[in-house]
Amino acid sequence: MTRERFFKGSLIFALAFVLLFATLLQGETHAENEGNAAEITAACNFELQGSGEVSRLYDGDSLTRVTLNADDSLTIGLQTAASSAYLYIEWFATGGDYQLKEYSASGESLRSETFRVSAYEEIIPLSSGCKSLVIEAEDRISLCTAALFENDVPEQYSEILTPAEKTDLLVLAVTVDELFEQFSALIPLYCGGYNAHVSVAVLHEAPRYELAEATAALRNIGVYALPLTKDYTEGNNTSYYVKRDWGDNVDSHLTELIRKTKPAVLVISGVDDARGEYAREQLLIAVEAAADETQFKASLEQYGTWQVQKVYVTDPEGACTLSFTEPLAAFDGSPALDAATDTYTNFCLSRRLYHVELPETLRLSLLYTVVGEDTQGLDLFENVPAELRVSCEQALSTPTPSPTPTPTPTPTPTPTPTPEPTETPADEPDSEPTLQPAASEDNNGTETSFNVSAFLLSLAVLAGGAILSLLLYLALSKKLGALKTIIVLLPLLLALASAIFLYFTHDEPAEPAENEVSASVTPEPTTEPTPEPTPEPTLEPTLEPTVEPTIEPTPEATEQAQEQSKFADHFLSYDYEEPEIIIDEENGVWLYRDDVLSVEITRTLTTIDTGKYEHPLAYYTAHIYMRDVDSFRPSFASARRNGRDVAPPETIVAVEQPVLWITGDNMTYSEAELKGPIIREGKIFNNRKVSACVALYSRDMSIKVLDEGTTAQEVLDSGAMNSYSFGPVLIQDGVVNAKAWDDARELGISSANPRTGIGMIEPGHLVAIVVDGRQDDYSVGVSVEKFAEMFAELGCVEAYNLDGGVSAAMVFMGTQINHHAENDIRHGSAASWQRQVPDGLMWGWSALVGQAETEAED
């Protein structure tokens, strides 16, 4: 009886021991993982007091937003009271005040604080015990994103929460275009090759979609914050009229930026125009002011003084030359140029300059120095004291040994870099995504692959099994036979098997895993610098996923994948060498095809029955298949982009070089009072709401007809950066407009006319139709009802009538393919001739525009 009690008690004790030990270990692992950021947005409840769709705050799109007018509010309820939580806000624009109020589960006020929207991204730590929070607008404010995180913030936001005290290199560009065209290789060179801390500023405030792309692109190459300074007063695109009283204002912003980021070296773009000259002039004043204790007291009190050591400006004749073709360890042996090309291709999708070839080298001139002139001209940090740097090192040994791949057998290069990369990736978050996959392949080090928590857990299970076997032996030792021996050994064998299983399947805590990757960085540069094909495959898959997360009307990735595969046979493969171009005017066929855009145009010559007679009809149908969001862009008649300057379509196309161009809505050139919202690149040109409009959503390559009464702000809030208003509506939500003729009569365009229209069969597949008219022996034109039927017959679910008449035009590869008579008036009809226009819609870009027809004839 005593032995039986002893046995049962010992058995319970052994089981309790194993469970307790395992729980403690799991708790320890949880404690180690506790600091990892966990997004809890989906579990929160959002309530909006005001107008707009609250789902836009968590749709993952930086262009859709919710606008709060004064006294409007947004309430966010957490599922459980927060012990450690953070609110991340992405703003559409800076400026405006709001109150943040926090409440506990019992309704007790934990905080009521007023904030100023001074940056595009903001992270606010919430009070412990916060169960709900309210953002109450004091002025008009617009939020693109609101997200909540537990324990910590994701790595890409860490610098917003706790910015670095100093910066090695501050890159200043006047525009976003200049930032990537001039500096997109310089940034990864210093981030990855020198392990430098780099900050970026854009001086001229860009459209919001450009900023969203710039932020994503910079994070791809290791820069996690995008500070912006005061915008210049803009007269037009080529000259910037800066008012006299703005001088100090620009100086103070630049001085504040320098004092805040504390750069050792500063680089600015050297674009030779009025804005570039002004920027450099003001920058040099700000560099002196930042070190002066008597200048700009507000930023002085907040950040103190700071002395910039050197200022460089880009200059084709500059003495300092940086090469971007050497392999870098931080990018898996790829050079900075490859990282820049990948970034430009996959993130900078709205650039108008599609033909940009990023340079292999960059030359700079020393504009300002307090540490003497350069002698070597190969490094921006030459002569800069080491104590002024955050983490910038001399050029890593990885770039120089581009020949090292040849003597791979020699083991000497491997030990030498080992100490360096262990520290480099640990300090630098940007190297992590690139190095992780390669590190897991080469992970052969005994120390880095040892999982301590798994080992201890396995040991505990094994010990528990041994104790159980021992207790069984003590209980049964007097009558031990073969069967009972197996029973005695069974717990030990099971524990051994469980221990082995646990050791090899137990996940190691997140932070040690990162260190493990960092430690195993070294082997890679030696083995993989030569295979430059590595970066290129990454370009291909990245193109498609970049589009998916930003979809607004069709957010589901599966649908996007189906569309991509559906259109696959319309595109060339990603490794195509030359686009496919067919120009067969005799048979009425025009075709352009590359890896992301397909334009397929057919001419239809038919007749139309007007009730009394059969009349000839000619029209051109363009099926536009898009795989990339940069396929569409709006066009203007002049560099001033004001919506009032006019030019012939072929003149506009000669400058912009699109594959396909069609007439737009005549913008504000005439009859603006009859139109609805007109928006181009996020800028409102017409704020009336007296007519319907068609909005173009770049993110999923769709169009949507919006009702009369829709405001320009509502169009922008929905995520559209471009809208056209002419009318009437042809098809909306799959329904042909039964009032099309009445609507057209009010506009005075109900009879048969030349027409231009845009329609959508599905996202990524648009249709443009241009009808010729007012030429009785060639084409009489169509009424709006017939025009709507033409789109419906093609399967369009949305269609909209654009400016037609003598404005109607379709231009392919630089040549107008539809026809107007030259001031030829027949049978009393209006003249048919090509009018100059202020705007249009464009798809694609090609250096062959204007040459393709000649080449086809040859």
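The values are calculated or read from the model by the stated rules, or taken from the named source; none is laboratory data. Note that the coordinates shown come from a computational prediction; the quantities given were computed from them, not determined experimentally. FYI the Cβ positions are ideal-geometry reconstructions off the backbone, even for glycines, and counts take in every protein chain you see. For accessibility, only protein heavy atoms count, side chains too; no ligands or nucleic acids. Shrake-Rupley method; radii C 1.70, N 1.55, O 1.52, S 1.80 Å.
Annotations
- Count of the range 591-609 residues which are open to solvent by less than 30 Å² (accessible area, probe 1.4 Å) and either basic (Lys, Arg) or assigned to a loop (DSSP other than H, G, I, E, B) (or both): 3
- Of all the criteria given as (1) open to solvent by 30 Å² or more (accessible area, probe 1.4 Å); (2) closer than 22 Å to Thr343 by Cβ; (3) modelled with pLDDT of 85 or more; (4) of a type in the set (Asp, Glu), the one not satisfied by Asp575 is (3).
- When the range 798-820 is filtered for residues that are under 15 Å from Gly664 (Cβ atoms) and β-branched (Val, Ile, Thr), the ones remaining, listed by number, are Val806, Val811.
- Candidate set: the range 256-315, residues that are assigned to a loop (DSSP other than H, G, I, E, B) and among the hydroxyl-bearing types (Ser, Thr, Tyr); chosen: the one surrounded by the fewest Cβ atoms within 10 Å (Cβ to Cβ): Thr294
- Selection count where residues are open to solvent by 60 Å² or more (accessible area, probe 1.4 Å) and either at positive phi or out of contact with any Lys or Arg (no Cβ under 6 Å at 6 or more places or on another chain) (or both), scope the range 111-124: 4
- Checking each residue in the range 719-746 for being outside any strand (DSSP E or B), of a type outside the set (D, E, K, R) and open to solvent by 50 Å² or more (accessible area, probe 1.4 Å) picks out Ala738, Trp741.
- Residues in the range 610-636 that are open to solvent by 20 Å² or more (accessible area, probe 1.4 Å), of a type in the set (Asp, Glu) and either farther than 27 Å from Glu586 by Cβ or touching a helix residue (DSSP H, G or I) at 6+ places or on another chain (Cβ under 6 Å) (or both): Asp630 only.
- Only residues that are over 20 Å from Gly270 (Cβ atoms), open to solvent by 30 Å² or more (accessible area, probe 1.4 Å), hydrophobic (A, V, I, L, M, F, W, C) and at pLDDT 60 or above were counted in the range 351-409, giving 5.
- All conditions but one from (1) within 17 Å of Val202 (Cα to Cα); (2) modelled with pLDDT of 90 or more apply to Phe296; the one that does not is (1).
- In the range 153-168, the residues that are farther than 21 Å from Thr94 by Cβ and touching an Asp or Glu at 6+ places or on another chain (Cβ under 9 Å): Pro154, Glu155, Ser158
- Every condition in (1) open to solvent by 40 Å² or more (accessible area, probe 1.4 Å); (2) of a type in the set (Val, Ile, Thr); (3) not in a helix (DSSP H, G or I) is met by Thr345 except one, and the failing one is (3).
- Filter result (open to solvent by 10 Å² or more (accessible area, probe 1.4 Å), closer than 24 Å to Asn686 by Cβ and touching a strand residue (DSSP E or B) at 6+ places or on another chain (Cβ under 7 Å)) within the range 747-770: Met760
- Selection count where residues are open to solvent by less than 10 Å² (accessible area, probe 1.4 Å) and part of a strand (DSSP E or B), scope the range 773-785: 2
- Members of the range 637-665 that are part of a loop (DSSP other than H, G, I, E, B), open to solvent by 10 Å² or more (accessible area, probe 1.4 Å) and not basic (Lys, Arg): Ala637, Ser638, Ala639, Asn642, Asp645, Val646, Pro648, Gln657
- Unique match (being open to solvent by less than 10 Å² (accessible area, probe 1.4 Å), within 30 Å of Glu382 (Cα to Cα), touching a residue at least 60 places away in the same chain (Cβ under 8 Å) and under 24 Å from the mean Cα position of the chain (by Cα)) among Leu87, Leu143, Leu169, Leu189: Leu169
- Just one residue in the set Asn642, Asn666 is in contact (Cβ under 8 Å) with a residue 24 or more places away in the chain and in contact with a helix residue (DSSP H, G or I) (Cβ under 8 Å, 6 or more places away or on another chain); that residue is Asn666.
- Taking (1) open to solvent by 60 Å² or more (accessible area, probe 1.4 Å); (2) in a loop (DSSP other than H, G, I, E, B) in turn, Thr80 satisfies each apart from (2).
- Every condition in (1) in a strand (DSSP E or B); (2) touching a helix residue (DSSP H, G or I) at 6+ places or on another chain (Cβ under 9 Å); (3) under 22 Å from Ser832 (Cα atoms) is met by Val770 except one, and the failing one is (2).
- Of all the criteria given as (1) surrounded by fewer than 20 Cβ atoms within 10 Å (Cβ to Cβ); (2) closer than 28 Å to Leu189 by Cα; (3) touching a residue at least 40 places away in the same chain (Cβ under 8 Å), the one not satisfied by Leu328 is (1).
- Among residues of the range 275-288 that are within 11 Å of Ile258 (Cα to Cα), those with a Cβ under 6 angstrom from a residue that is part of a helix (DSSP H, G or I) and open to solvent by 10 Å² or more (accessible area, probe 1.4 Å), sequence gap 6+ or separate chain, pair up as Ala286/Asp251.
- Scan of the range 316-329 for residues that are under 19 Å from Leu358 (Cβ atoms) and not in a loop (DSSP other than H, G, I, E, B), ordered by number: Cys320, Thr321, Leu322, Ser323, Pro327
- Test: residue in the range 174-182 that is among the aromatic types (Phe, Trp, Tyr), buried (at least 17 other Cβ atoms within 10 Å of the Cβ) and under 30 Å from Glu357 (Cα atoms): yes
- Scope the range 40-77; condition aliphatic (A, V, I, L, M), surrounded by 16 or more Cβ atoms within 10 Å (Cβ to Cβ) and more than 22 Å from the chain's Cα centre (by Cα); matching residues: Ile40, Leu48, Leu68, Leu74, Ile76
- Here Leu126 meets each of (1) out of contact with any Pro (no Cβ under 8 Å at 6 or more places or on another chain); (2) among the aliphatic types (A, V, I, L, M); (3) closer than 28 Å to Tyr209 by Cα with one exception, condition (3).
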